[in-house]
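The values are calculated or read from the model by the stated rules, or taken from the named source; none is laboratory data. Keep in mind that this is a model prediction, so the values were computed, not measured. Positions of Cβ are backbone-derived with ideal geometry, glycine not excepted, and every protein chain shown enters the neighbour counts.
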């Protein structure tokens, strides 16, 4: 297989093929072909990278290979940004392509640094080099998730859904899943001797080289029959929920005539929705409450003042003096007025260029025809919305990529969410793979915290996900309608929620850094002993 993966091939070619397959593992097509197709594609992608790395004669060569791999991976996984920049932002097509390409190339510098580190500190011992590869891979993904507010979309762990590795989610989260898989792939590949990681590495015999593959096979077999540890338990009665999906095209969302239609449709759906809780998407009401037609908000408040009725509604809040927020308003019998007892969740993790403008980039924003601005941030550990004994925790759009931030709400077990509720608007990206990828992300959050997730979106995916990460009800994307379903809340705190809620991703950062340092020190001592 090593010959097939490109013996003597240029690192750019390996990077292009491997990165493209990695991106494909995160596409909807991979999931629809067959169960296990995404992880198979991702594994082949990793093997192409692993076959090429030891053949690089210098750390620089390893860095170039990993940079090309990472750039192609990110372009394939996040190319839908072109739609928002070109179709809705008005940038010329060539400029939108360049902008997406430059962003992905810049974000892949973390992967390049990982390649350089592996090339610099590799030892020629298969298991140590595999551990080093897993550690630098982990650190590269964490850097992309955290630096400059983070952009972790397309993380490798999302391609491991529906595999035994998903049982690691409540322990180590999505980045830990990606680290384990990268390490195991490297360990097996290099231990089998398909590619020696160093010319003078000694062979320990064919049987000895096979034992990592046997260990991995046993681990995966055990994972397949193990249903996973249970850290949460059923709490209170299940809720009957109604989730709205307006399907408003983004280029019409701020049209006055379209806004009236949105207000009428969402208003009617909110008033008529059966059940315990109705959820409307991000900015389902696109105007500030003070800009709404007279009596509109009051009618909604009166309807949900009835005992047993609850609503979460995406709406902008604030004014010029205090600032504006992208928010979710909670209406119930406890809510009195916008300035009274109404539940309010303000988005904490804002989108660069969409909800705040990074320093030095106003010139870029002025080139686009998108109504952008600077929003204020809400608190990190926000309170949940109480619905008949269930604690419903809202997140807005891509906030649910940041599991470590959601974990901050689980520090106190008696206040921890029992249901996650994501409201979103992916109309910015058209009928693209972003809808499917955001569904993967939401499923991983349910696995990490072992609580269900409900999603009300403008164009999809509007779904109910149970505490095991399985979709139990859904609306077809890019259609208008409402989804009625039952959702059972779960109470408890997973190990991931416990440590990530207190320390964020620092435990993983520390683990990866210590492993790299230990390998580098061991390699230096080994070099000193042999007189290198």
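Descriptive notes on the structure:
- Verdict on residue 70 being more than 21 Å from residue 27 (Cα to Cα), buried (at least 19 other Cβ atoms within 10 Å of the Cβ), in contact with a helix residue (DSSP H, G or I) (Cβ under 6 Å, 6 or more places away or on another chain) and modelled with pLDDT of 95 or more: no
- So residue 140, is it crowded, with 22+ Cβ neighbours inside 10 Å and either modelled with pLDDT of 95 or more or over 28 Å from residue 448 (Cβ atoms) (or both): yes
- Region 252-287, subset surrounded by fewer than 16 Cβ atoms within 10 Å (Cβ to Cβ) and within 29 Å of the chain's Cα centre (by Cα), residue nearest to residue 472 (Cα to Cα): 252
- Applying the criterion of being out of contact with any helix residue (DSSP H, G or I) (no Cβ under 8 Å at 6 or more places or on another chain) and not in a helix (DSSP H, G or I) to the residues of region 420-456, the residue that is surrounded by the fewest Cβ atoms within 10 Å (Cβ to Cβ) is 431.
- Residues that are modelled with pLDDT under 95, within 22 Å of the chain's Cα centre (by Cα) and within 18 Å of residue 136 (Cβ to Cβ), drawn from region 35-64: 42
- Within region 221-239, residues that are assigned by TED's automatic domain parsing to the domain that holds residue 489 and at pLDDT below 95 have Cβ atoms under 6 Å from residues that are assigned to a loop (DSSP other than H, G, I, E, B) and surrounded by fewer than 13 Cβ atoms within 10 Å (Cβ to Cβ) in these pairs: 236/389, counting only partners at least 6 apart in sequence or on another chain.
- Out of 293, 249, sole residue that is over 17 Å from residue 342 (Cβ atoms), surrounded by fewer than 16 Cβ atoms within 10 Å (Cβ to Cβ), more than 28 Å from the chain's Cα centre (by Cα) and in the same structural domain as residue 418 (by TED's automatic domain parsing): 293
- Scanning region 164-182 for residues that are in contact (Cβ under 8 Å) with a residue 60 or more places away in the chain and surrounded by fewer than 20 Cβ atoms within 10 Å (Cβ to Cβ) turns up 164, 167, 171.
- Among the candidates 473, 434, 421, residue that is in the same structural domain as residue 269 (by TED's automatic domain parsing) and without any contact (Cβ under 8 Å) to a residue 40 or more places away in the chain: 473
- Subset of region 457-503 (residues that are surrounded by fewer than 18 Cβ atoms within 10 Å (Cβ to Cβ) and not in a strand (DSSP E or B)): 468, 470, 476, 478, 479, 480, 495, 498, 502, 503
- The single condition from (1) at pLDDT 70 or above; (2) touching a helix residue (DSSP H, G or I) at 6+ places or on another chain (Cβ under 6 Å); (3) under 29 Å from residue 84 (Cβ atoms) that residue 331 fails is (3).
- Residue in region 323-332 that is more than 21 Å from residue 395 (Cβ to Cβ), assigned by TED's automatic domain parsing to the domain that holds residue 398 and surrounded by fewer than 19 Cβ atoms within 10 Å (Cβ to Cβ) present: no
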